[in-house]
Amino acid sequence: MIDITDADRALIKSHIILPRILSAFERDAALINATLKTPGPYADLIAEAQRKLTADIYEIRKQFRTRGIKVYEEVTDNDGVTARYKCRGYEAEMRLRWTMMAPQAPVIMRRYLGVPVKDYVDPSIPEWLQRR
């Protein structure tokens, strides 16, 4: 059996973080639409970011199938998220704390919105997300 690689772990981490960022975009779009007098341009920008994000989530799921990864449980609590998964016969879990995700989420959101993030890049963000 092939051991779990860093690339596998990066995919699992993205699988945990990206849907939560998508939810944040949805929440923010609703707030913008409800409060701004001209929400159109902002809502369009967020909608495009959501489209890109959804495509990447789909790509992660494709990579899961290709690499033999299955996340079979996610448990969210006050401290963070724990994902239990199988990867080519190995069972493991990944724990991401909110305190770790909180500084990464705005950087990832800026990338999807097309904002330059060179001053914000966190080396723990997967490489493929840094290139967006």
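The values are calculated or read from the model by the stated rules, or taken from the named source; none is laboratory data. What you see is a predicted model, and the numbers here were worked out from it, not measured in a lab. Reconstructed Cβ throughout: ideal geometry from the backbone, glycine too, with neighbour counts over all protein chains shown. Calculation scope for accessible area: heavy atoms of the full protein, side chains included, ligands and nucleic acids excluded. Shrake-Rupley method; radii C 1.70, N 1.55, O 1.52, S 1.80 Å.
General observations
- Think of each Lys and Arg Cβ as +1 and each Asp and Glu Cβ as -1; about the Cα centre, that makes the dipole of the chain roughly 320 debye.
- Evaluated over the chain, the count of Lys pairs having alpha-carbon atoms less than 29 Å apart is 14 (only pairs 8 or more residues apart or interchain).
- Rounded percent of accessible protein surface that carbon and sulfur make up, the chain, 1.4 Å probe: 55 percent
- Per-residue [θ]222 nm for the chain (sum of -39500 (n - 2.57) over DSSP H runs n ≥ 4, rounded to 500): -20500 deg cm²/dmol
- P(r), alpha carbons of the chain - 5 Å bins starting at zero, rounded %: 2, 9, 19, 20, 20, 15, 8, 4, 2, 1, 0, 0
- Between Tyr72 and Ala30, the distance separating the two model label sites (each 7 Å from Cα on the Cα→Cβ line) works out to 3.3 nm.
- Accessible area per residue, Å², the chain with all protein chains present, probe 1.4 Å: 60 Å²
- Computed E for Ala43/Ala92 - FRET, C-beta separation, R0 30 angstrom, nearest 0.05: 0.15
- Rounded accessible area of Leu45 (nearest 10 Å², 1.4 Å probe): 90 Å²
- Expressed as a fraction of 2.2 N^0.38 Å, the value expected for a compact globular protein of N residues, the C-alpha radius of gyration of the stretch 35-86 is 1.68.
- Of Ala29, Ala102, Ala43, the one that fluctuates the most in a GNM where the chain has Cα springs shorter than 10 Å: Ala102
- Placing dummy labels 7 Å off each Cα toward the beta-carbon, the span from Thr99 to Val115 is 2.5 nm.
- Among Gly80, Ile17, Leu113 the positive-end extreme of the charge dipole of the chain (Cβ point charges): Leu113
- Computed from label points 7 Å out along Cα-Cβ, the spacing between Lys52 and Ser23 is 2.3 nm.
- Normalising the average separation of contacting C-alpha pairs (under 8 angstrom, six or more residues apart) by the number of residues puts the relative contact order of the stretch 24-106 at 16 percent.
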